[in-house]
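K.L.:
One structure follows; several queries about it will come next.
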Amino acid sequence: MSRQLILDFPSRPEFKFSNFVKSEGSRFALQAARQISSSTDLPYNTLYLYGGRNLGKTHLLMAIGNSVSENFPDKKIIFINGQDFVRKFAEENTQEITKNLSRLLESDYFLLDDVDLISGKPSAQEKLYHVYNTLHEKNKKSIFTGRNRPEQFSDMEPYLKSRFQWGMTAEIKRIDDETTANIGRLEGGLKRNIIPEHAFLDGEFRSRSNEKLADVERKFRGVFDEVASRYPEAKIDLDIVNSYQAYNIDAKSEAVAMIGRALSGMGLEPVLETTGGGSDANVFIEKGITAIPVGIGVRDFHTTWETAVISEVLLGARMCEAVIKGI
């Protein structure tokens, strides 16, 4: 299956500022995204948005493109993912590279998602440096997203990291350290500018605290109830399903110590981290069975570039063997 690597706008109209999940942790980033897509004269032409997975970086980037396209239809907006940027400039055909480069240099708004993915790719970094400088000289706007702050990138040229910091930098944070929420899908209608008879919204909220999870659910229900009260002729069917219960594991528990001993015997140091995702461990723990998720070398979960490092997967197998033998 092929996909379009470079997107023009309007594209993916479901990504709007109006349906971005706002919180104290994302308020500043949302404001910065709105500002750079408006007609307001700003003292900067670069915006760098950063934050963890599933917090809305791509949503805001696409919303910038759609907002500019709607309000300034004469502006040319280009969106490309970091991995696709690397692919486009890894072509052996120099004519194709020149064509791709020219297309980016013609943009008024250059949107690059997941800029982390050009780390360790010197050729792509060189091309991006050229694109950025050219657009900056022409007073065009460049917006980037990444997982980390620019100065935290490894295998990234210093001259490029400095460019990411020339303008505004904004972090997208979780609702709090334990809780997050996002709208994953919004569908409705078959054509633009026509109010659909039905609309479908799909999202999720997660927390390591069941109390906070219940609080977020109450807020979501409140929003839908408020909208329904404004339009008595409309009907809202709200179905909230509890997929699994949150849990916390005592770092001093025997199960953690058992895994720690196995790793230490392999010459590895265990690192304890909290996560907001679900796994089989949720099901086991809900049934009263002790379970601890252990990382096995998989990168970029649930993305089109998800990969597993074979050597680390093998280490995971060796750890399981050590745990079993140590029981």
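Coordinate-derived values only; no laboratory data. These numbers were taken from a predicted model, which means no experiment stands behind them. Cβ: placed from backbone, ideal geometry, glycine included. Neighbour counts: every protein chain shown.
K.L.:
Please give the charge dipole size of the range 212-327, origin at the Cα centre, charges +1 on K and R Cβ atoms and -1 on D and E Cβ atoms. Round to the nearest 20 debye. Mind showing how you got there, number by number?
P.N.:
Numbers: 12 positive and 17 negative charges, 52 e Å.
In debye, rounded to 20, the range 212-327 gives about 240.
K.L.:
Here's another thing I want to ask about it. Distance in nm between label sites at residue 209 and residue 254, each 7 Å beyond Cα in the beta-carbon direction?
P.N.:
3.1 nm
K.L.:
Which of the lysines could a cross-linker bridge to residue 191, judged by Cα under 18 Å and excluding same-chain residues fewer than eight apart?
P.N.:
16
K.L.:
Share of antiparallel DSSP beta bridges in the range 103-215, in percent to the nearest 5? Walk me through the numbers before you get to the answer.
P.N.:
Details: 9 of 13 bridges.
Within the range 103-215, antiparallel bridges account for around 70 percent of the total.
K.L.:
Given a Förster radius of 56 Å and the C-beta distance between residue 217 and residue 129 as r, what FRET efficiency does 1/(1 + (r/R0)^6) yield to the nearest 0.05? Write down the numbers at each step before the final one.
P.N.:
Details: r = 46 Å, r/R0 = 0.83.
Approximately 0.75, to the nearest 0.05.
K.L.:
Now for a separate question. Roughly what % of DSSP beta bridges within the chain run antiparallel, to the nearest 5?
P.N.:
Roughly 45 percent of the DSSP beta bridges within the chain come out antiparallel.
K.L.:
Moving on. Work out the length of the dipole vector of the chain about its Cα centre, built from +1 on the beta-carbon of each Lys and Arg and -1 on the beta-carbon of each Asp and Glu, and round it to the nearest 20 debye. Provide the component values of the computation, followed by the final result.
P.N.:
Working: 42 positive and 46 negative charges, 104 e Å.
That gives the chain a dipole magnitude of about 500 debye.
K.L.:
Between their Cα atoms, which of 99/121; 22/121; 57/121 are more than 26 Å away from each other?
P.N.:
Working: 99/121 20 Å; 22/121 34 Å; 57/121 22 Å.
Checking Cα-Cα distances, 22/121 exceed 26 Å.
K.L.:
Please turn the phi angles of the range 285-296 into ³J(HN,Hα) values with the Karplus equation 6.51 cos²θ - 1.76 cosθ + 1.60 (θ = phi - 60°), one per residue in order, whole Hz, x for glycine and proline.
P.N.:
Values per residue, Gly and Pro as x: 5, 4, 8, x, 9, 5, 8, 9, x, 10, x, 10 Hz.
K.L.:
Just to be sure I understand the rule: take each whole DSSP H helix in the chain, project its Cα atoms onto its long axis, keep it if the span is 30 Å or more and its mean Kyte-Doolittle hydropathy is at least -1.0. Which ones pass?
P.N.:
Working: long enough: 210-230 (31 Å, -0.85).
Helices meeting the criterion: 210-230.
K.L.:
Same structure, new question: Restricting to Cα atoms and excluding each atom paired with itself, what does the Kirkwood estimate give for the range 161-268 in Å? Write out the running numbers ahead of the final one.
P.N.:
Working: mean 1/r = 0.0534 Å⁻¹.
Roughly 18.7 Å, rounded to one decimal.
K.L.:
Taking +1 at the Cβ of each Lys and Arg and -1 at the Cβ of each Asp and Glu, which of 134, 13, 266 sits farthest along the dipole of the chain towards its positive end, judged by Cα position relative to the Cα centre?
P.N.:
The Cα lying farthest towards the positive end belongs to 134.
K.L.:
In debye, nearest 20: dipole of the range 113-264 around its Cα centre with unit charges on the Cβ of K, R (+) and D, E (-)?
P.N.:
Details: 24 positive and 26 negative charges, 116 e Å.
Roughly 560 debye, rounded to the nearest 20.
K.L.:
Would you look at the GNM of the chain, springs on alpha carbons closer than 10 Å, and say which of 147, 261, 103 moves the most?
P.N.:
261
K.L.:
Put a dot 7 Å past each Cα toward the Cβ at residue 27 and residue 311; how far apart are the dots in nm?
P.N.:
Result for the modelled spin labels: 4.6 nm.
K.L.:
So, one more: How would you rank 228-239, 170-181, 129-140, 193-204, highest first, on the average number of other Cβ atoms within 10 Å across their residues?
P.N.:
On the way: 228-239: 8.1, 170-181: 19.0, 129-140: 15.1, 193-204: 10.2.
So the order, starting with the most tightly packed, is 170-181, 129-140, 193-204, 228-239.
K.L.:
Which residue, 188, 308, 284, has the largest displacement toward the positive end of the dipole of the chain when charges sit on each Cβ (Lys, Arg +1; Asp, Glu -1)?
P.N.:
My answer, from the dipole projection, is 188.
K.L.:
Using the charge dipole of the range 82-239 (Lys, Arg: +1 at Cβ; Asp, Glu: -1 at Cβ; taken about the Cα centre), state which of 216, 124, 95 has its Cα farthest towards the positive end.
P.N.:
Value: 95.
K.L.:
Suppose each label sits 7 Å from its Cα in the direction of the beta carbon; what would the residue 242-residue 106 distance come out to in nanometres?
P.N.:
Here the modelled spin labels are 5.6 nm apart.
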